[in-house]
Amino acid sequence: MKEEIKMENQTLMQYFEWYLPADGNHWTRLAEDAQHLADLGIRKVWMPPAFKATSNNDVGYGVYDLFDLGEFDQKGTVRTKYGFKADYLQAIQALKDAGIQPMADVVLNHKAAADGLEEFEVVEVDPMDRNKVLTEPFTIQGWTKFTFDGRNGAYNDFHWHWYHFTGTDYDASRNKNGIYQIQGDNKGWAHGDLVDNENGNYDYLMYADLDFKHPEVIQNIYDWADWFIETTGVTGFRLDAVKHIDSFFMRNFIRDIKEKYGQDFYVFGEFWNPDKEANLDYLEKIEERFDLVDVRLHMNLFEAGQAGSDYDLRTIFDDSLSQIKPERAVTFVDNHDTQRGQALESTVEEWFKPAAYALILLREQGLPCVFYGDYYGISGQYAQQDFKAVLDRLLAIRKELAYGEQTDYFDDPNCIGWVRSGADNQAPLAVLISNAQDNYKTMFVGPEWADHTFVDLLGNHSDQVTINAEGYGDFPVAERSVSVWGLTF
C-alpha cells in the first residue's frame, strides 16, 4: 500500500456576521485573534468590506468610496463600521505574521450614497423582467454624481456621473422608486449571456449599477485594484454579487490581477445560484480563473436540517460544486446572507450544524469556510448559540488527521459515513452522521489497525470500538448526531 504524503489542509474563515456591533473595533479584534486562528488551522481569512459605505454602521455592501478605507470624513464618519484605515492595515499585517492569507471583500457591482443629483434619460423596466420596457424614454433626477469631496482627490481624482452606470432605482424629481435603465450611446444592461438570467437580465441589483462596458469605469476599477493591493497588502479577493456583473469583465480583471500579483493571489466569487448548470456555465465563461461558493451544497444542508429524518442523506452532495467540480468549490454551512433576518435567510438548523461542518471540514472536496457567527455566536434579535467547542474539535481533527484516501459509505438514507485512510502513517478516521435513530456501520480502516481501540473524538458517543483482524470496526452514532472515530490525539 502506497504511503500518502500529507499536504496541510487549507481552511478559510469568514471573519464577520451581519449584526456585529458598529463599534469600530472589529479590525482590532481580528488582529488580536490572528494567532488563535492560525493555531486552529485557519490559513485564509475573508474580511468584511473595508470601504467607506453609506454610514458608520453599514456592513459594507452599500459601498460609497473604494478609495476611503476609514481615513476621510465622508458620510458623517471617518471610520467604517469596523474601524480606521490604520486598524485595517494592522489586522492584515497580523494575519500575515501568523501565516494567514488576508482576503478583501470586493464590492464592484454598485455605488451608494451619491453626493449629488443629475438629470438623464431613462426607461422604466419591469422588475420581474428587466428586458421588458414599460415606458417611453423620459428624464429623471437620479443619485449618480460621486465627487468624494471629503477625500478631495487623494489617491485618485476620478468623479462618477450618470453615464458611468446602467441603471438606478429612484427618481428624485417624482419621489418614485422603480428600476430605471439609463439611456444613451452604448448603454443598456450587460449582454444577457454575461449576467444571470433571473428576472430576465439580473445586471441590475441595487443603488447605482456600474456599467462595465464603459472604458472609464474599467480603467478606474483597474486603477483602484492596483492602489488597493499595494496599499493594503491583501493577497486575495472575495468577489461580491458576481452573477450581476459582466462575466467578460470579471474574467479579464482577475486574469490581469493574477498576472500582476501572482497565481497565489486567491480569488473566489459569490455566484448565488444553486443550479448546477448555471455554475458550470459561469465557470466556463470566466475560464475557471476563480472559485465559487457552493450554494447548492449550502441549500442541501439547509434542507437536510429542515426535513430531519425525512431527508435522504445519501443525496446530501447531489448537484453541488463539491461533487461536480471540487477543485473550484468553496464550501460553507452559513454566511452573513443566510443568517436569520437576512435577504437569503436559509440558516442551517442548530441540531444539524455540527454534522454539516463535519461534511465540509473532514472530507477531501472543496475549500471549507467557517462562519464567524457559527464560531463566536450571534447576539441580538436574531441570536444564535456559538458552536465554538465542536468547531475547535473539528478544526483540530481537520488540521491533524483528516488526510488520505476517502471511502464513502453512503448506503442508508438516515445514516452515512466515510473513512479517511490517514497520511504519513497516521491513524485513519471514521465519520458517521445520523439524522434519525441510533445507528452503526461496519467500516474498513485496514488490518494494520487490528486490536487498536478507536474513540469518538467529538465525545458524542461513549463507546469504544476495537478493530478486528480483517481491519473492520463496528462504528456507532447516536440519534441525530455525528461521531468522528479515531485514536486519541
Pull up segment 469-479, narrow it to residues that are in a loop (DSSP other than H, G, I, E, B) and in contact with a strand residue (DSSP E or B) (Cβ under 9 Å, 6 or more places away or on another chain), then point me to the one that is farthest from Asp392 (Cα to Cα). Glu470
Taking segment 8-31 and the residues there that are charged (D, E, K, R) and free of Cβ contacts under 8 Å to residues at least 60 places away in the same chain, the one that is nearest to Phe265 (Cα to Cα) would be Arg29
With closer than 17 Å to Arg289 by Cα, modelled with pLDDT of 95 or more and open to solvent by 10 Å² or more (accessible area, probe 1.4 Å) as the only criterion, which of Asp223, Asp256 stands out? Asp256
Name the residues in segment 228-250 that are over 17 Å from the mean Cα position of the chain (by Cα) and either part of a loop (DSSP other than H, G, I, E, B) or basic (Lys, Arg) (or both), would you? Gly233, Asp246
Taking the condition of being open to solvent by less than 40 Å² (accessible area, probe 1.4 Å) and in a loop (DSSP other than H, G, I, E, B), how many residues in segment 328-340 meet it? 7
From the set of residues in segment 66-87 that are in contact (Cβ under 8 Å) with a residue 40 or more places away in the chain and polar (S, T, N, Q), which is surrounded by the most Cβ atoms within 10 Å (Cβ to Cβ)? Thr80
Here are the criteria: (1) touching a residue at least 40 places away in the same chain (Cβ under 8 Å); (2) surrounded by 15 or more Cβ atoms within 10 Å (Cβ to Cβ); (3) assigned to a loop (DSSP other than H, G, I, E, B). Tell me which single one His461 does not satisfy. (1)
So, in segment 42-65, of the ones that are more than 20 Å from the chain's Cα centre (by Cα) and open to solvent by 10 Å² or more (accessible area, probe 1.4 Å), which residue ends up nearest to Trp224 (Cα to Cα)? Thr54
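Take the residues of segment 305-327 that are touching a Gly at 6+ places or on another chain (Cβ under 9 Å) and buried (at least 16 other Cβ atoms within 10 Å of the Cβ): which is nearest to Leu280 (Cα to Cα)?
Ranking the qualifying residues of segment 305-327, first place goes to Leu321.
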Which residue is most open to solvent (accessible area, probe 1.4 Å), if the candidates are limited to segment 417-458 and must be among the aromatic types (Phe, Trp, Tyr) and part of a strand (DSSP E or B)? Tyr440
If you go through segment 53-61 one residue at a time, do you hit one that is in contact with an Asp or Glu (Cβ under 9 Å, 6 or more places away or on another chain), assigned to a helix (DSSP H, G or I) and of a type in the set (Ser, Thr, Tyr)? no
Filtered residue count, segment 352-397, keeping only those that are under 23 Å from Ala38 (Cβ atoms), basic (Lys, Arg) and under 19 Å from the mean Cα position of the chain (by Cα): 1
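Restricting to segment 346-390, give me the number of residues that are in a loop (DSSP other than H, G, I, E, B), in contact (Cβ under 8 Å) with a residue 12 or more places away in the chain and farther than 22 Å from Lys44 by Cβ.
Qualifying residue count for the region: 8.
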Of the residues in segment 251-272, those that are over 17 Å from Gln101 (Cα atoms) and assigned to a helix (DSSP H, G or I) come to Arg251, Asn252, Phe253, Ile254, Arg255, Asp256, Glu259, Lys260
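The values are calculated or read from the model by the stated rules, or taken from the named source; none is laboratory data. Small disclaimer: the values here were computed from a predicted structure and weren't measured. All Cβ positions, glycine included, derive from the backbone under ideal geometry; neighbour counts span all protein chains shown. The area values use the complete protein model at the heavy-atom level, side chains included, leaving out ligands, DNA and RNA. Shrake-Rupley method; radii C 1.70, N 1.55, O 1.52, S 1.80 Å.
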